[in-house]
């Protein structure tokens with residue numbers, strides 16, 4: 001059976017149209033004419049046998065097939081750019097605005113960014129810390145060049161790559177809870193992927209709960225856990241000394257894993273930004289391993 005090879009320049013044109021919101025801006029960014037970009041999109045549609053973009057005047061919309069192609073196209077472009085960057089010898093320079101999530105753990109991400117900046121002194125990094133949903137909105141509005149954020153269910157724009165992180169119940173090391181009493185819950189404000197996982201698991205298990213503390217940042221939840229105020233959901237990157245994992249025999253049902261995503265617009269990302277994105281992605285995947293016993 002003959003394989004269909006998809007040229008990366010066709011995928012890059014498709015992603016650029018999506019990222020920049022139109023054929024005219026995409027043509028300018030790619031250094032091509034608008035008809036040439038339109039021709040590339042049609043060629044891509046022919047190769048895939050599916051309509052990807054529907055146009056109406058100056059407006060366009062993605063079909064279901066176009067939405068489905070997005071994550072695959074971004075992953076292939078990232079791999080292509082990783083290969084090019086690996087063999088490039090030019091020094092990285094420039095300014096990068098990157099967002100890190102307060103509702104995951106930005107401390108280990110800050111360490112990764114600092115290590116990258118130390119190796120590339122001509123790259124200036126501006127860091128912004130917000131809730132994941134705010135970071136995704138800031139990226140869409142071009143107030144950030146890239147963002148690390150929790151990935152909600154459904155289609156999410158500009159998602160390049162994900163890593164799955166286990167989620168577990170965290171309580172103070174010496175805390176003992178009555179398995180018949182409602183669980184004192186520590187959580188982020190709604191909407192929150194962690195809070196949703198905790199409540200869904202407790203409902204399925206028939207276990208009651210009461211909210212004791214709501215904090216916008218993970219440090220507030222960590223402090224509350226170590227003070228013995230209750231239980232929360234954490235990932236391996238956020239478990240601290242003085243905490244332990246809540247067990248099933250204590251009435252803590254298993255929690256669904258979390259997806260941590262790297263988001264950026266390929267058409268707007270510089271070489272320095274791509275280098276940082278690659279570095280952050282490796283760090284995210286390394287941090288997503290479950291904790292030891």
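The values are calculated or read from the model by the stated rules, or taken from the named source; none is laboratory data. Everything quoted here is computed from the prediction, not taken from an experiment. All Cβ positions, glycine included, derive from the backbone under ideal geometry; neighbour counts span all protein chains shown.
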Review point. What number of residues in the range 1-17 are free of Cβ contacts under 8 Å to residues at least 60 places away in the same chain and closer than 27 Å to residue 138 by Cα?
Key: 3
Point to revise | Candidate set from the range 242-258 (those that are under 26 Å from the mean Cα position of the chain (by Cα) and not in a strand (DSSP E or B)); member that is farthest from residue 199 (Cα to Cα) | key: 257
Point to revise | Selection from the range 15-52 of residues that are surrounded by 20 or more Cβ atoms within 10 Å (Cβ to Cβ) and in contact with a strand residue (DSSP E or B) (Cβ under 8 Å, 6 or more places away or on another chain) | key: 17, 18, 23, 41, 52
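Return the only residue of 234, 202, 239 being within 23 Å of the chain's Cα centre (by Cα) and at pLDDT 90 or above. Spell out how you get there, then give the answer.
Numbers: 202 fails: within 23 Å of the chain's Cα centre (by Cα); 239 fails: at pLDDT 90 or above.
Among 234, 202, 239, only 234 is within 23 Å of the chain's Cα centre (by Cα) and at pLDDT 90 or above.
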Exercise for review: Mind telling me which of the residues 109, 92 ends up being over 13 Å from residue 262 (Cα atoms), touching a residue at least 60 places away in the same chain (Cβ under 8 Å) and in contact with a strand residue (DSSP E or B) (Cβ under 7 Å, 6 or more places away or on another chain)?
Suggested key: 92
Check your understanding: Would you pick out the residues in the range 167-179 that are surrounded by 15 or more Cβ atoms within 10 Å (Cβ to Cβ) and at pLDDT 90 or above?
Key -> 167, 168, 169, 170, 171, 172, 175
Study note, to complete from the structure: Across (1) at pLDDT 90 or above; (2) in a strand (DSSP E or B); (3) under 22 Å from residue 108 (Cα atoms), residue 139 clears everything bar (2)
Review point. Conditions: (1) assigned to a helix (DSSP H, G or I); (2) closer than 30 Å to residue 20 by Cα; (3) modelled with pLDDT under 95. Residue 194 meets all but one. Number of the miss?
Key: (2)
Check your understanding: Can you pull out the residues in the range 135-165 that are touching a strand residue (DSSP E or B) at 6+ places or on another chain (Cβ under 8 Å) and free of Cβ contacts under 8 Å to residues at least 60 places away in the same chain?
Key -> 138, 143, 144
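Could you please give the count of residues in the range 120-136 that are part of a helix (DSSP H, G or I) and either in contact with a helix residue (DSSP H, G or I) (Cβ under 9 Å, 6 or more places away or on another chain) or not assigned by TED's automatic domain parsing to the domain that holds residue 152 (or both)? Explain how you work it out, then say what you get.
The initial filter retains those residues of the range 120-136 that are part of a helix (DSSP H, G or I), namely 132-136.
Next cut, either in contact with a helix residue (DSSP H, G or I) (Cβ under 9 Å, 6 or more places away or on another chain) or not assigned by TED's automatic domain parsing to the domain that holds residue 152 (or both) only: 132.
Total satisfying the criteria: 1.
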Study note, to complete from the structure: Restricting attention to the range 180-238, the residues that are surrounded by 20 or more Cβ atoms within 10 Å (Cβ to Cβ) and touching a residue at least 60 places away in the same chain (Cβ under 8 Å) number exactly 13
